[in-house]
Every structure is written in C-alpha cells, then in structure tokens.
Amino acid sequence: MEIETPMQTTAMKPEDVLKVIAANRGTAICIPTMTTSPSWRTIAPDDLSIGCVGFMGGASTLGLGLALGCPDRRVIVFDGDGSLCMQLGSLPTIAGSGARNLTHLLFRNNVYHTSGAQGTPGGEGMDWVMMAKGAGYKDAFAVRSLEELEEYLPAILTGEGPIFVELHTGLAEKTPMTDRGGVPFPQQVETMRTRLQA
Amino acid sequence: MAMPESIPAPLIIDTYKELFRAERNGARRKEPLGWIISVPDTHQKTVLAALDKERDVKVLTCSTEDEANGVAAGLWMAGEPVIVMIQHAGLYASVNTLRGIAIDGRVPIFYMIGLLSREADKDPLESKHSMVRWCEPLLDVFGVPHARLEGPDDVKLIPEYYRMSRARRGPAALLVGLATS
C-alpha cells in the first residue's frame, strides 16, 4: 500500500532534487543517508560519495569531519528529518565548527520512511530553518519547489557555510529496506580516503 | 595493586603533539597539527583546558559522543590526525555509533576515556560505580583493544594505541585512571 503524507501531493520528489544536485555539484563530496542512499547510488555512481546507513543520524557529523579535513572542497550532506531528530545536537556542533564549505540539506517528509513511515516527533509543526538559525548556521532557508531549488543553487553550492536548506520533499521511491545493496560502507570509506589522499 | 598516579596535562599534550608531528611528516597539509574531538570530561578537564590555549592543535567540542565518532571518521578519511576525548558515560551513550562506524565501518578511532569516580585504591573492575566497573567489560564485548593510563610512565601507550587503531582499521582506547593534573 502506498503511504501518503499531507506533504506528498505538493512536495518535490527527492529523486528530482538529487538529479539537480548531481548535475551541478562539481567536485563536491556528497553524504546521502537513509532514503536518499539507494537513488543516489544510481544517479551519481562515483567515488566522492559516502552512503551512511547503520548509524542513523551520523551523516551530518561525518560530513562535518570531511569538511574540516578538506577545507578547499564543498561537502554536501543529504540528511533526513528523522535522522536529524536522532542527532539534533549536531546543529550547534556544526554551527560552532564554522565549517565554511559545508552544506547541510534536509530532505523533510515528516516521517521515518525507512521503518514504515511513522511520524517524526514534532511532525509538520517543526520549523527546521528556525532551529538551524538558532543554532548559529551562517545561512538557513527553505526550498519548496524545483524552481526555487534552481534559484538557490548558487548559494547552496558555493555560499559561505555552514548552510542549512530545508527541502520540502515527498517520499522517495526506494528505501534502504526496499533496495539493499550498493558498495559496502567500509569499502566506500577506504575508497574515499584513497581518493582524498591522491 | 600499584596505586595509580595523576598524569600532568602538559605531558599528555606534548605526547599528542609529538604523535601528530610524526603523522604529519611528509603530508601536504601541515595545519593544524592535529585535531582533538571532545565531549567534555571531568576527569580530563586539565588537558582540555590546556588544549584551549594550544594554537597548533584544533579542538572541536561536540554535543554528543555519537557526533564525535562521526567527525573523527570524516577527518580520518581526509587524512587528518585525530584523537577523541570522552568519558565512560559517553562511551555507553555512543555504542551504536562505535559499532556502526569504527567496527563495522572499519574506521580507525582512538579514544581517551576518563574513568570518572574510579577509586584510587581499587581495581576498576571492582569499583562500586557501575560506570567505572563496566567500561572494560563493554570494550571487551566489542573487541576493542584497551589499556589503562595509570601514571606518567604510561603515556607511551598513547602513540602505541593510536597507531594500533590505524593498523587494525578499527577502534582502540586508553582509560584515564585518575583525573589529570
């Protein structure tokens, strides 16, 4: 049975967002997690991405570490609202780090899609942009359509970070439960390290 | 049992810096010398306070130990020298991330873990405090190599266990027995 959320009828398809990012990211490192991981594997099958599954909530700080270690390269985290709820403290940690090259994208759909679409705490009432601003992000804004995404793309890809972008999206076509596989995490890690040392 | 001794903060920091210098030898990036990713720990507070005055070593304070694991993993992938400083309660709080990133992900993470409330006249395994008593057994369950820092002579274990974590592509930990001075 297809799961519907109020946001699903008007929101962006996450796959469409990922395609726009993939087409414009240049040499940016990308960190998908949970429901963005399966689609990203096929949209951008490269060695400058690390898919984070198995330690929910950890993508944002793994991305922060990469951003601090690679200050001349953009790092883009594809977080989920359920995931961020699990590591909410990462907002002030990231903001306090002053990582100028980090973009934190939040794919918001108000549910834990992977585990059966249970509602997230706070649900539609959460104001993520306000939370990011309150934590001290350099910039934070919401994007509700692909047209807005195109408009904000320069800021998302090159603006001074840390930048937080709340993306109003529907449910992804795949989840880590419906589409398992891909390169094992340890192999992705080793490949990334090798690539960054080259 | 030999009575443990407090380790002076400068001795630990000099050891960190010497280790970081060796790690940086030949690397393209020279600054910072290395990274300390911490969640505040009462037992190691003199080290953390002294590190705040160090210009060569960058310290990032995280909200949680889960985050510290993530940041350390990213830095390691980028080729940066990094040490994680936490307390035993933080180890308990971040077990899933330890498993997911350091063990299953085969990411080297070296931890300095403060044993707050450890009694000087007791072996930690016999402590009346569960936080002290269960720390080593927990590390054993997960197969994490560990040793005790019981005095100034033990600081040589810092480079040893740091390098062990790198060589085995996984976690390694040192337990700080008494509050640093």
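The values are calculated or read from the model by the stated rules, or taken from the named source; none is laboratory data. As the structure is a computational prediction, the values presented were derived from the model and not from experiment. FYI the Cβ positions are ideal-geometry reconstructions off the backbone, even for glycines, and counts take in every protein chain you see.
Quick notes on this structure:
- Of the residues making up the stretch B:19-44, those that are more than 13 Å from the chain's Cα centre (by Cα) and over 22 Å from residue B:74 (Cα atoms) number 1.
- Of all residues making up the stretch B:62-92, the number that are hydrophobic (A, V, I, L, M, F, W, C), facing another protein chain (nearest Cβ under 10 Å) and in contact (Cβ under 8 Å) with a residue 40 or more places away in the chain: 2
- Qualifying residue in the stretch B:119-129 (condition: in contact with a Pro (Cβ under 7 Å, 6 or more places away or on another chain) and either crowded, with 16+ Cβ neighbours inside 10 Å or not hydrophobic (A, V, I, L, M, F, W, C) (or both)): no
- Residue A:26 being surrounded by fewer than 24 Cβ atoms within 10 Å (Cβ to Cβ), at the interface with another protein chain (Cβ under 7 Å from one of its Cβ atoms) and in contact with a helix residue (DSSP H, G or I) (Cβ under 9 Å, 6 or more places away or on another chain): no
- Meets criteria (closer than 24 Å to residue B:127 by Cβ and either of a type in the set (D, E, K, R) or within 14 Å of another protein chain (Cβ to nearest Cβ) (or both)) for residue B:95: yes
- The set of residues from the stretch A:84-101 being of a type in the set (A, V, I, L, M) and crowded, with 23+ Cβ neighbours inside 10 Å comprises A:84, A:91, A:94, A:99.
- All of B:141, B:155 fail the test of being in contact (Cβ under 8 Å) with a residue 12 or more places away in the chain and of a type in the set (A, V, I, L, M), apart from B:155.
- If you filter the stretch B:132-164 down to residues that are touching a helix residue (DSSP H, G or I) at 6+ places or on another chain (Cβ under 7 Å) and more than 18 Å from residue B:84 (Cβ to Cβ), you find that the one that is surrounded by the fewest Cβ atoms within 10 Å (Cβ to Cβ) is B:152.
- Residue in the stretch A:63-83 that is nearest to residue A:24 (Cα to Cα), counting only those that are more than 11 Å from every other protein chain (Cβ to nearest Cβ) and in a strand (DSSP E or B): A:76
- Residue within the stretch A:51-62 that is more than 10 Å from every other protein chain (Cβ to nearest Cβ), surrounded by fewer than 24 Cβ atoms within 10 Å (Cβ to Cβ) and not in a loop (DSSP other than H, G, I, E, B) present: no
- Filter result (within 14 Å of chain A (Cβ to nearest Cβ) and of a type in the set (D, E, K, R)) within the stretch B:98-122: B:99, B:104, B:106
- Yes/no for residue B:106 being touching a residue at least 60 places away in the same chain (Cβ under 8 Å), within 20 Å of residue A:56 (Cα to Cα) and not hydrophobic (A, V, I, L, M, F, W, C): yes
- Extreme residue, nearest to the other protein chains (Cβ to nearest Cβ), among residues of the stretch A:176-189 that are surrounded by fewer than 17 Cβ atoms within 10 Å (Cβ to Cβ) and not polar (S, T, N, Q): A:186
- Members of the stretch B:95-127 that are over 14 Å from the mean Cα position of the chain (by Cα) and small (Gly, Ala, Ser): B:100, B:105, B:117, B:120, B:127
- Filter result (at pLDDT 95 or above, over 15 Å from the mean Cα position of the chain (by Cα) and farther than 24 Å from residue B:40 by Cα) within the stretch A:73-122: A:73, A:100
- Residue satisfying all of: in the stretch B:128-138; in contact (Cβ under 8 Å) with a residue 40 or more places away in the chain and within 16 Å of the chain's Cα centre (by Cα); farthest from residue A:189 (Cα to Cα) among these: B:132
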